[in-house]
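Some notes on the structure that comes next.
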Amino acid sequence: MNSLILSRCLQKSALLGAALLLAACGQGDAGGAAAKTSSTGTDAPVGRPVLVLALGDSLFAGYNLSRSEAYPQQLELALRDKGLNVRVQNAGVSGDTTAAGRQRLAFVLDSMTTKPDLALVEFGGNDMLRGLPPAEARKNLEAIVAELDRRDIEVVIMGMRAAPNLGSRYVSEFDAIYPDLAEKYDAELVPFFIEPLIFNRSLVQNDQIHPTADGVKAMVEHSVDDIAEALE
């Protein structure tokens, strides 16, 4: 990311404080490039192998973390601990808005040698942080979910919430996107993906935005049951 955009993110961080944890600010990508395969070294549980695609921004890419500490890799371990024979493929790219995710969706899917059984869709934080219209985020997210549905890929929508200081109208329009799409496309919903980070500052990196390795583990613990339910 160039210095101008980085400066804007840091300025917004100072203004919003803890509320900025509601967004995944796009800064550098320590683990992110489209469609990276996790490698846990764990023996696969018995059962049909299942492929999960984790499509999102820096919260999936694992900003400032090792590859093994990123959310998709930690989720894979948690699902395997539940006896599910799962491989999670990380397609997180830091800085992605809903528009960027929509733009690269077909490339990611077409480049995979195996069609995923399930896709985790995690976008919107960067739209909110930049003050982009909720209507545009809704349009892009729906296009993503609709394309996955067209390809017969089950979906889990990772929900976000808008920072309160953006105003009640913005918040109500933005927050409604995720449950509305989940209902329309019969998708599983994780209502507030980063909820564990909001009230525990020790789970957040010094940038006051991205989760630490322990923060990622808390996010996985918060969401793994919903994802396991979608798989089952």
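A short reminder: the numbers here are calculations on the coordinates, not readings from a lab. Fair warning: this is a prediction, and the values are worked out from it, not measured in the lab. In this analysis, Cβ positions are derived from the backbone assuming ideal geometry, glycine residues included, and neighbour counts consider all displayed protein chains.
When a/c is below 1.5 the answer is rounded, else prolate if a/b is larger than b/c, else oblate, so apply that to segment 27-231 with a ≥ b ≥ c taken from the square roots of the Cα gyration tensor eigenvalues. Can you show the working numbers first?
Values: a/c = 1.56, a/b = 1.21, b/c = 1.29.
Judged from the Cα gyration tensor, segment 27-231 comes out oblate (a/c at least 1.5, b/c at or above a/b).
Classify segment 49-154 as rounded, prolate or oblate from the Cα gyration tensor: take a ≥ b ≥ c as the square roots of its eigenvalues, call it rounded if a/c is under 1.5, otherwise prolate when a/b beats b/c and oblate if not. Don't jump to the answer; show the numbers that get you there.
Numbers: a/c = 2.15, a/b = 1.33, b/c = 1.62.
In terms of gyration-tensor shape, oblate.
So how strong a dipole does segment 27-231 carry about its Cα centre when Lys and Arg Cβ are +1 and Asp and Glu Cβ are -1, to the nearest 20 debye? Mind dumping the intermediate values first?
On the way: 19 positive and 30 negative charges, 86 e Å.
The calculated dipole for segment 27-231 is roughly 420 debye.
Got a sec? How would SER58, SER168 order by Cβ neighbour count within 10 Å, fewest to most?
Details: SER58 31, SER168 9.
Exposure proxy ranking, most exposed first: SER168, SER58.
Could you work out the local net charge near ASP110, counting Lys and Arg as +1, Asp and Glu as -1, over the other residues with Cβ closer than 14 Å to its Cβ?
Here the count lands on +3.
Beyond 26 Å between alpha-carbons counts as too far, so tell me which of LYS139/LYS217; LYS82/LYS139; LYS82/LYS115 fall in that bin. If you can, show how the numbers build up before the last one.
Values: LYS139/LYS217 31 Å; LYS82/LYS139 35 Å; LYS82/LYS115 23 Å.
Those over the limit are LYS139/LYS217; LYS82/LYS139.
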